[in-house]
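Heads up, the thing below is written out as structure tokens.
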Amino acid sequence: MSFILKYKQLNEERDIPHENYTIKDLLKELELSPQTIVSKQNGELVIEDTVIQEDDEIQLVQIIYGG
């Protein structure tokens, strides 16, 4: 089972390592902070507890802070 990950220049197919693999698990694996990332699953905004399903397209968008 696999999904597509899109993040910055990255656009790759990745295996789903275990059942109930969530966005939070993915962010931890990539060493990304959930506070600085917006997640989309198949084009829809989702929370980090969302389970990644086979053939999903997961897009991670970096939030830019400034002032």
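Residue under question is Ile4, and the condition is that it be assigned to a strand (DSSP E or B) and of a type in the set (Val, Ile, Thr); does it hold? Criteria met by Ile4. None of Ile58, Ile37, Ile47 is within 14 Å of Glu13 (Cα to Cα), hydrophobic (A, V, I, L, M, F, W, C) and surrounded by 11 or more Cβ atoms within 10 Å (Cβ to Cβ) except Ile58.
Here, each number is a calculation from the coordinates, and none is a lab measurement. All of these numbers come straight from a predicted model, not from anything done at the bench. Neighbour counts are summed over all protein chains in view; Cβ atoms, including those assigned to glycine, are modelled from backbone coordinates with ideal geometry.
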